[in-house]
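The values are calculated or read from the model by the stated rules, or taken from the named source; none is laboratory data. All values derive from a computational prediction rather than experimental measurement. Here the Cβ positions follow ideal geometry from the backbone for every residue, glycine too, while neighbour counts run over all protein chains shown. Only protein heavy atoms, including side chains, enter the accessible area calculation; ligands, DNA and RNA are left aside. Shrake-Rupley method; radii C 1.70, N 1.55, O 1.52, S 1.80 Å.
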Amino acid sequence: MPSNTLPIVSPRLGEPYLLTPGPLTTSYEVKEAMLRDWGSWDDDFRAMTREMRNQLLALLGDGRADYDCVPIQGSGSYCVEAMLGSFVARDDKVLVLANGAYGLRAAKTMEYLGRDFHLVNKGDYMPPRGDEVAEILAQDPAITHVLIIHCETSSGILNPVEELADAAHAAGRKVLIDSMSAFGALPLDVSRVKYAAMVSSANKCIEGVPGFGFVIARRDEIEAAEGNSHSLSLDVHAQWATMEKTGQWRFTPPTHVVAAFLKALEGHAREGGVAGRGGRYTRNRDVMVEGMRKLGFETLLADRWLSPIIVTFFCPADPNFEFTRFYELMKSKGFIIYPGKLTVVDSFRVGCIGQMDENTMRQVVEAARETLDEMDVGTAAPPQAALDERKKLAA
Ligand SMILES: *Cc1c(COP(=O)(O)O)cnc(C)c1O
């Protein structure tokens, strides 16, 4: 019973919706696509790999002819590590722009790689800006690459990726992008932002299941990356060279995950591609945020920085509010939310991505309203400290 129309399948299967940034709620047809086995060297599976790479490249917009797509086994972080290890030569230096957990993880990766980097740490959610990037690059000619996190999923902030990439390119540096939680829903046209490489993974906005990610990079950058990698299994050039020659992945591919991903790509195209998907997520966010604000909840971020991927809310000040109880009660109503990751004030997150629509989001808000009632929380208004914290953003 494949489902092409929203609202989707989870209630029918008796599963809660995952209001999380991946793994996320997938369609029935995506799950169903995994009900058979493929031989990794067989022509059928090689054709599936080829098809998947082509379809991903087709999402890039004009200018895609210069790019190629290299899938890598593992979760998204494996791809970040593969990208950094393959495109950053041993005597290169990376400017890492961090404003949350994923930027810091990229910096940590650079430490493991033993390659030079300069970390700009903006804290939990302040966006890095183009002028400060320009200034740092002017002062440090050793920097060869700038790493940008497209949507920093830990706060949900949508970083000004074009502004940052423009600053890097104006200074003659290369751009690497972690677009893990944005690719497929937010436009990143290569005719506009000519990045050297970017990464995303199967279980985010394309709405597949977890098991691999992919690097999309300029073909000349891939060719030049030979011999750079610190790692056998994370060598983007070697994976690409083998795929080009034999059509195969170098080591055991996640065959079922690739089959599911091809189904997910069909759903993505049917929905209208990047614009259609981004449109649904934006409506999800708008309906959810509006409803939550009516209950007294406040978002960490001003509207300008709110991504349509995931939204951070402050926990209410009311002493009857306790996050673990809120979480359990929301789960019992069919919604799995996500704990927050801020250091200063308590927060939680609600994802907007996956197989759900604005009707689902209305149910989420209704579940939150009932849960507050059950907890005897009068209003969801946050403590003053949270609002003071947020003022820093506007400053
Ligand atoms: C999900 C995500 C990653 C990768 O995380 P994994 O847990 O390794 O899949 C990296 N960067 C961002 C911005 C993400 O949202």
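Based on protein heavy atoms only, segment 159-318 ends up with 33 Å² per residue of surface accessible to a 1.4 Å probe. Surface composition of segment 184-231: carbon and sulfur make up 46 percent of the accessible area, probe 1.4 Å.
Taking segment 322-343 and a reference point 7 angstrom along Cα→Cβ of residue 374, the backbone N atoms nearer than 14 Å belong to 322-337.
Measuring nothing but protein heavy atoms, the accessible surface of segment 304-372 at 1.4 Å probe radius is 47 percent carbon and sulfur. Close amide H pairs (under 5 Å, H built 1.01 Å from N) link residue 146 with 95, 174, 175, 176, residues at least 5 positions away or on another chain. Among 119-128, 153-162, the peptide with the highest mean count of other Cβ atoms within 10 Å heads the list, and the full ranking is 153-162, 119-128. In terms of packing, defined here as the mean over residues of other Cβ atoms within 10 angstrom, the peptides 57-66, 183-192 line up highest first as 183-192, 57-66. Relative to its Kirkwood radius, the Cα radius of gyration of segment 307-361 gives an Rg/Rh of 0.98. Couplings 3J(HN,Hα) of segment 270-280, computed from phi: 4, 7, x, x, 4, 5, x, 5, x, x, 5 Hz, in residue order, whole Hz [Karplus 6.51 cos²θ - 1.76 cosθ + 1.60, θ = phi - 60°; x for Gly and Pro].
Using only the Cα atoms of segment 17-137, build the gyration tensor, take square roots of its eigenvalues as a ≥ b ≥ c, and label the shape rounded, prolate or oblate: rounded if a/c is under 1.5, else prolate if a/b is larger than b/c, else oblate. It is prolate, given that a/c is not under 1.5 and a/b is the larger ratio. Judged by the ratio a/c of the largest to the smallest principal axis of the C-alpha gyration tensor, the chain counts as oblate, that ratio being 1.5 or greater while a/b is no larger than b/c. Counting only protein heavy atoms and a 1.4 Å probe, segment 77-147 has 41 square angstrom of accessible area per residue.
For segment 197-355, the convex hull drawn through the C-alpha positions has a volume of 182 cubic angstrom per residue.
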